[in-house]
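Q: Below you'll find the structure I mean.
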Amino acid sequence: MKRRHSMPFGAECCADGKTRFRLWAPAARQIHLLLNPGPQAAEIALQQSNDGWFEHVASQAGAGTKYQFRLENGLIVPDPASRFQPADVHGPSEVIDPEAFVWLDESWMGRPWEEAVIYEMHVGTFTAEGTFRAAAERLDYLCELGITAIELMPVADFFGRRNWGYDGVLPFAPDNSYGRPEDLKELIQAAHARGIMVLLDVVYNHFGPQGNYLHAYAPQFFTDRHHTPWGQAINFDGPESPTVRDFFIHNALYWVHEYHLDGLRFDAVHAIVDDSSPHILNQLAAEVRNSIGPDRYVHLILENDSNESRYLKRGADCRPKAYAAQWNDDIHHALHVLITNESDGYYSDYSSRPIDHLARCLTQGFAYQGESSLHRGGNNRGESTEGIPTTAFISFLQNHDQIGNRAFGERIQHFASDPAVRAALAVMLLAPAPPMLFMGEEFGSNAPFLFFCDFSGDLAAAVTAGRRGEFARFAAFSDPAARERIPDPNAVETFERCKLDWAAIGQAQHQQWLVFYHRLLKLRRELIAPHLSAACRIRGEAQVHGDRGLTVEWGFPDGSKLTLLGNLGENDLEIPPPATSSLIYSSHQNGIEMLTRGCLPAWSVLWFLK
C-alpha cells in the first residue's frame, strides 16, 4: 500500500514523472528555483501569480533531487514545506516521493483511546544511536511492558544535531539526525505490527530561533498583535492568515495520512492566539476528523495550561467532537507536592490541601475549573469538566518538562523516597485516566533529562545565560557561582548524559522497578481497561481522610465498582475499609490486615474491584 498527502505547497511528485515546486512568498518580487545546488546548478525563474504564490513544474527533478530557492536579494533558502533536509536547516531540500515507500499495515486502524498507555520518547536520547531505526529495536520491550502508544517528542527539522524538538523550523521534514523519512515510516509500521500506536508531538505556536527564513519572504506568517514566550506569534487571525492556517492544517493532515500516525499532541496551545472564528484549533480538529474514515482511530491531544475543557467535549456516541485528551498538569502537580513537599513556582497552587486537588483530578479531571490561581497572580484558571469522562485527562508523574525544568534534570526518584514514588504510581497507573510514562522511568533510570540544544554564536551564549538566569529566583541559585554549575545546554556532554543506559536494567534495583511497572500495567490491561469502553458513563466519587488519605470509587455501567484506598503520607492513617470487594493490588504485604483494623500504613495504596 502507498500513502501520500498532496499539498498546495512544497515539492510534489506528479504522476507523469515531473515535480511541481510551489512557494508562498508574498513579500518577494522574484524567486528562482535552484536544482542540484552547486557550481552546475540549474536555475529556473518561478512563475508568479497575483496572490503571492510562485510555481514551476520541472521535468528534470525527480525523487532525490536537491533544491533551494533564491530570493531577489541573493538569499538562498530551503523549502518551508520540505519533506527532508539531508544537510540540516540551512542546506538544500530533497524531493521525496512518498509513494516510493510501500506500507504493509493496511489493516491497522488504531486502537480505542481507552486502551492508551503512553510512553513519551525523545528519539535522540532513547538509545545510544539516537535514531528511528534504533528506537524500532526496542519495540518488543515496550510491547512486553504493556505500552500501547509511544509519543515521540517533536521530530520536525531543527538547527544542529541535538534539540528537545521544540525549536523546529521545517515542520514537514523529520530531522536528519534521527534518520530519513522512510526510517520514521519503518518505525511507525513496526509499532503497528506490535499493536502499538504512534503519536507525534507537533509545535504550532512558534518557530525556532535559528534556521527560520519565513521573515525574508513571507512575514505574513507572523503578527505583532499577539505575543508568545518565544517571540512573535503565528498569524492565525490577521490579514492573509488563511494561507498560514492552511500550512499548519496540512501539516497535521500530512502526519496523519502520509505517515499513518495514530495521533498528534499539540504543544502549548494556550500560546496559540486566534481571535477569529472558527478558532484554528477547532478548524484543525474538524479537518482531521473529516479526513478519516469512521473505522479509523486518530487521537488529538492538547497541552493547554488554560484548562479549556471546551475542546474535550464528547458527542452522543462518547467519541470526541474535537480532541481526545489533554495532558493533566494538575494531577502531576498534586502528586508531586504530596510526595516531595515542594511548593515553589507552579506548585504553590497545590501546596494547600494537595490531597483535595488529587481527589478532584481522579474524579473530575482538572483540579482547577475556574478557581483563582495564586501562581497566576490571582487570575481564574480552567473551565468546568461536567460531562467529560476522566479518560480525557492524561496522568503522569514524570515527563520531559517536569524533569527538564529542574536545573539538573533530576528524575523523581532522586529527590523523593521510593515508597512515596511507588504509592503515587500505584494511584496513577490503575486509575481510569490514561497514564503516561517518560522513557526510562519504568526501570528507574538514573539518566537526567537536561535541557539541551546545539545553537551557535551569540544565540548559543544567550540561551546558556537565559537557562541559568531562570533559576536566579530560587534560593539555591541566588549566588552566580551556583548558577554556573547548571549544565550548559549547548555542550555536547549535556546531551550525552541524557541518553538512557539500557545495560542498567540488569542491576537489581532497576529490575525491581521494571517488575513493579510490569505488574501494575498487566493489572490495568487485564482487569481495568475492559471496563473503560463506556467511559462517558463512568462515575467517580471521592472522600478525603485528613490531609493525606483518600477513598475513591468509580462505578461502571455494568454494575462493577473500582475502589482506591490511599495513604499518601509518612504516618499511619485511620481509614474505613470499603464494602465487600476483591482486592486486586496492595502496596504493602500487611496492608489488608491493617485495613481490617481501620488503619493504612504510610505510603500505602490498595485497589479493589467488585
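This table checks each residue for (1) buried (at least 18 other Cβ atoms within 10 Å of the Cβ); (2) of a type in the set (A, V, I, L, M).
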{"residue": "526", "(1), (2)": "no, no"}
{"residue": "540", "(1), (2)": "yes, no"}
{"residue": "549", "(1), (2)": "yes, no"}
{"residue": "571", "(1), (2)": "no, no"}
{"residue": "582", "(1), (2)": "no, no"}
{"residue": "587", "(1), (2)": "yes, no"}
{"residue": "597", "(1), (2)": "no, no"}
{"residue": "609", "(1), (2)": "yes, yes"}
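Q: For region 327-349, does any single residue satisfy the condition of being within 23 Å of the chain's Cα centre (by Cα) and outside any helix (DSSP H, G or I)?
A: The answer is yes, given that some residue of region 327-349 is within 23 Å of the chain's Cα centre (by Cα) and outside any helix (DSSP H, G or I).
Q: Looking only at region 377-410, count every residue that is part of a loop (DSSP other than H, G, I, E, B), more than 18 Å from residue 476 (Cβ to Cβ) and touching a residue at least 24 places away in the same chain (Cβ under 8 Å) and tell me the total.
A: Total meeting the criteria: 10.
Q: In the set 562, 521, which member is over 19 Å from residue 361 (Cα atoms) and either touching a Lys or Arg at 6+ places or on another chain (Cβ under 9 Å) or assigned to a helix (DSSP H, G or I) (or both)?
A: Details: 562 fails: over 19 Å from residue 361 (Cα atoms).
Of the residues listed, the single one that is over 19 Å from residue 361 (Cα atoms) and either touching a Lys or Arg at 6+ places or on another chain (Cβ under 9 Å) or assigned to a helix (DSSP H, G or I) (or both) is 521.
Q: Have a look at 89, 102 and point out the one that is hydrophobic (A, V, I, L, M, F, W, C) and touching a strand residue (DSSP E or B) at 6+ places or on another chain (Cβ under 8 Å).
A: Details: 102 fails: touching a strand residue (DSSP E or B) at 6+ places or on another chain (Cβ under 8 Å).
Every option except 89 fails the conditions.
Q: Still on this model: Consider residue 538 carefully, then state whether it is touching a helix residue (DSSP H, G or I) at 6+ places or on another chain (Cβ under 8 Å) and within 27 Å of residue 313 (Cα to Cα).
A: It is true that residue 538 is touching a helix residue (DSSP H, G or I) at 6+ places or on another chain (Cβ under 8 Å) and within 27 Å of residue 313 (Cα to Cα).
Q: Output the residues belonging to region 213-235 that are of a type in the set (A, V, I, L, M), under 27 Å from the mean Cα position of the chain (by Cα) and not in a helix (DSSP H, G or I).
A: 233, 234
Q: Run residue 76 past the list (1) crowded, with 22+ Cβ neighbours inside 10 Å; (2) touching a Lys or Arg at 6+ places or on another chain (Cβ under 6 Å) and report the number of the one that doesn't hold.
A: (1)
Q: Let me ask something additional. Using the structure shown, decide if residue 365 is at pLDDT 95 or above, surrounded by fewer than 16 Cβ atoms within 10 Å (Cβ to Cβ) and farther than 30 Å from residue 492 by Cβ.
A: no
Q: So which residues in region 253-292 are among the small types (Gly, Ala, Ser), touching a residue at least 40 places away in the same chain (Cβ under 8 Å) and in contact with a strand residue (DSSP E or B) (Cβ under 6 Å, 6 or more places away or on another chain)? Reasoning before the result, please.
A: Restricting attention to region 253-292, the residues satisfying the condition of being among the small types (Gly, Ala, Ser) are 263, 268, 271, 276-277, 285-286, 291.
If we keep only those that are touching a residue at least 40 places away in the same chain (Cβ under 8 Å) too, we end up with 263, 268, 271, 276.
Those that are among the small types (Gly, Ala, Ser), touching a residue at least 40 places away in the same chain (Cβ under 8 Å) and in contact with a strand residue (DSSP E or B) (Cβ under 6 Å, 6 or more places away or on another chain): 263, 271.
Q: Please state which one of 239, 219, 209 is farther than 30 Å from residue 92 by Cβ, of a type outside the set (Lys, Arg) and touching a residue at least 12 places away in the same chain (Cβ under 8 Å). Give the derivation first.
A: Details: 219 fails: farther than 30 Å from residue 92 by Cβ; 209 fails: farther than 30 Å from residue 92 by Cβ.
Only one candidate qualifies: 239.
Q: Across region 411-439, which residue is surrounded by the fewest Cβ atoms within 10 Å (Cβ to Cβ) among those that are at pLDDT 95 or above and in a loop (DSSP other than H, G, I, E, B)?
A: This residue is 417.
Q: Any residue at all in region 269-280 that's surrounded by fewer than 19 Cβ atoms within 10 Å (Cβ to Cβ) and closer than 24 Å to residue 174 by Cα?
A: no
Q: Would you mind stating whether residue 167 is farther than 19 Å from residue 271 by Cβ, assigned by TED's automatic domain parsing to the domain that holds residue 401 and of a type in the set (Asp, Glu)? I'd like the intermediate steps shown before the answer.
A: Details: farther than 19 Å from residue 271 by Cβ: no; assigned by TED's automatic domain parsing to the domain that holds residue 401: yes; of a type in the set (Asp, Glu): yes.
No: the conditions fail for residue 167.
Q: What number of residues within region 280-324 are under 26 Å from residue 235 (Cα atoms) and assigned to a loop (DSSP other than H, G, I, E, B)?
A: In the first step, residues of region 280-324 are kept if they are under 26 Å from residue 235 (Cα atoms); the result is 280-291, 299-312, 321-324.
From what's left, assigned to a loop (DSSP other than H, G, I, E, B): 303-308, 321-324.
So the count comes out to 10.
Q: Let me ask something else about it. Please count how many residues of region 186-205 are of a type in the set (D, E, K, R) and either in a strand (DSSP E or B) or under 12 Å from residue 155 (Cβ atoms) (or both).
A: Going through region 186-205, the residues of a type in the set (D, E, K, R) turn out to be 186, 194, 201.
Now narrow it down to the ones that are either in a strand (DSSP E or B) or under 12 Å from residue 155 (Cβ atoms) (or both): 201.
Here the count works out to 1.
Q: Just a yes or no: is a residue in region 107-117 among the acidic types (Asp, Glu) and either closer than 27 Å to residue 395 by Cα or buried (at least 24 other Cβ atoms within 10 Å of the Cβ) (or both)?
A: Kept after step one, since they are among the acidic types (Asp, Glu), are these residues of region 107-117: 114-115.
From the residues that got through so far, the ones that are either closer than 27 Å to residue 395 by Cα or buried (at least 24 other Cβ atoms within 10 Å of the Cβ) (or both) too are 114-115.
Yes, that holds for at least one residue.
Q: Name every residue in region 1-42 that is under 29 Å from residue 182 (Cα atoms), in contact (Cβ under 8 Å) with a residue 24 or more places away in the chain and among the polar types (S, T, N, Q), in order of residue number.
A: If the condition is that a residue be under 29 Å from residue 182 (Cα atoms), in contact (Cβ under 8 Å) with a residue 24 or more places away in the chain and among the polar types (S, T, N, Q), then 19, 36 are the ones that fit.
Q: Give 33, 104, 71 a once-over and let me know the one that is farther than 25 Å from residue 249 by Cα and surrounded by fewer than 18 Cβ atoms within 10 Å (Cβ to Cβ).
A: The conditions single out 104.
Q: For region 402-441, give me each residue that is among the basic types (Lys, Arg) and either outside the structural domain of residue 489 (by TED's automatic domain parsing) or under 19 Å from the mean Cα position of the chain (by Cα) (or both).
A: Scanning region 402-441 gives 406, 411.
Q: What do you reckon, is residue 304 of a type outside the set (A, V, I, L, M), in contact with a Phe, Trp or Tyr (Cβ under 9 Å, 6 or more places away or on another chain) and under 30 Å from residue 191 (Cα atoms)?
A: yes
Q: When region 43-68 is examined, which residues are found to be under 34 Å from the mean Cα position of the chain (by Cα) and closer than 27 Å to residue 180 by Cβ?
A: If the condition is that a residue be under 34 Å from the mean Cα position of the chain (by Cα) and closer than 27 Å to residue 180 by Cβ, then 63, 64, 65, 66, 67, 68 are the ones that fit.
Q: Could you list, in sequence order, all residues of region 236-260 that are among the charged types (D, E, K, R) and in a helix (DSSP H, G or I)?
A: Within region 236-260, 245, 246 qualify.
Q: What strands (runs of 3 or more DSSP E), lying completely within region 1-115, carry at least 2 residues that are touching a Cys at 6+ places or on another chain (Cβ under 7 Å) and either modelled with pLDDT under 95 or not assigned by TED's automatic domain parsing to the domain that holds residue 292 (or both)?
A: 19-24
Q: For residues that are surrounded by fewer than 21 Cβ atoms within 10 Å (Cβ to Cβ) and of a type outside the set (Ser, Thr, Tyr), scanning just region 213-223, find the one that is nearest to residue 268 (Cα to Cα). Before you say what the answer is, go through the steps one by one.
A: Quick first cut of region 213-223, residues surrounded by fewer than 21 Cβ atoms within 10 Å (Cβ to Cβ) only: 213-216, 219-220, 222-223.
So of that shortlist, the ones also of a type outside the set (Ser, Thr, Tyr) come out as 214-216, 219-220, 222.
Numbers: 214: 22, 215: 23, 216: 26, 219: 22, 220: 22, 222: 17 Å.
Among them, the one singled out is 222.
To keep it simple, each residue is scored yes or no on (1) within 15 Å of residue 9 (Cα to Cα); (2) at pLDDT below 95; (3) touching a Pro at 6+ places or on another chain (Cβ under 9 Å).
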site: 243; (1), (2), (3): yes, no, yes
site: 247; (1), (2), (3): yes, no, yes
site: 252; (1), (2), (3): yes, no, no
site: 262; (1), (2), (3): no, no, no
site: 270; (1), (2), (3): no, no, no
site: 277; (1), (2), (3): no, no, no
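The values are calculated or read from the model by the stated rules, or taken from the named source; none is laboratory data. Just so it is clear, the structure is predicted and the values come from calculations on it, not from any experiment. As a convention, Cβ positions derive from the backbone with ideal geometry for all residues, glycine included, and neighbour counts pool all protein chains shown.
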